[in-house]
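Report on one structure; see the data block that follows.
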Amino acid sequence: VQLQASGGGVVQAGDSLRLSCELSRNINSAVGWFRQAPGSGREFVAATTASGRSTHYRDSVKGRFTISRDNAKNTVYLQMNGLKVEDTAVYYCAARMPEGIAITPRDWEYDYWGQGTEVTVSS
C-alpha cells in the first residue's frame, strides 16, 4: 500500500488548509495524520477508522482540525482551520493494518506511511 500526502503550503495564522492522503488501493484500514516540527519528534494529530464513523484528535487541534475520508476516492482528508504558528510541521499520513483494526495515536502501530507534506504557518 502506498500513501500520497498533499495539500501543504505556506499560510498565515488564522488561515485554513486541507491536506489529502490518497491510498494506492482501497483498503479497509484506520488512517492517521502525524506531524513533525523542526527539531521535534513526530506527534499524533488525528485518526479515523475505516468507516470514518470514529475519530480521535490530539487536544491542541480539537475544534480546529477535522479528519474525514472518501472511501470511493481512497482518500483521507485533514481540514485545518484557525492555523497557528505552532502547527508548522511536516504532516504525514499513515495506514494501520489489518483491515478493520481500531485507531491509535501511537505511530509505531501504523504500517504504511506517506512521504509528508510541509505546512508553514507564519504570524
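Laid out as a table, the results:
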| read-out | value |
| --- | --- |
| The chain, accessible surface, carbon-and-sulfur percent (1.4 angstrom probe) | 43 |
| Under DSSP loop assignment and at most 12 Cβ neighbours within 10 Å, longest trypsin sites (Lys or Arg not before Pro)-free interval of the chain | 63-105 |
| Net charge over other residues, Cβ less than 9 angstrom from the Cβ of residue 64 (K, R count +1; D, E count -1) | +1 |
| Choice from 26, 71, 81 showing the highest fluctuation, given a GNM over the chain with Cα pairs closer than 10 Å | 26 |
| Interchain or long-range residues, amide H under 5 Å from residue 118's placed H | 8, 91 |
| Stretch gain in nm, segment residue 86-residue 25, where the contour uses 0.36 nm per residue and the Cα spacing is subtracted | 18.7 nm |
| Nonlocal amide H pairs with residue 45, under 5 Å, H built at 1.01 Å | 33, 34, 35 |
| Accessible surface, the chain, averaged per residue in Å² (probe 1.4 Å) | 50 |
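The values are calculated or read from the model by the stated rules, or taken from the named source; none is laboratory data. Here the structure is a predicted model, which is why all the values come from computation and not from measurement. Ideal geometry is used to build each Cβ from the backbone, glycine not excepted, and the neighbour counts take in all protein chains shown. Each accessible area value is taken on the protein alone, full model and side chains, heavy atoms only, with ligands, DNA and RNA left out. Shrake-Rupley method; radii C 1.70, N 1.55, O 1.52, S 1.80 Å.
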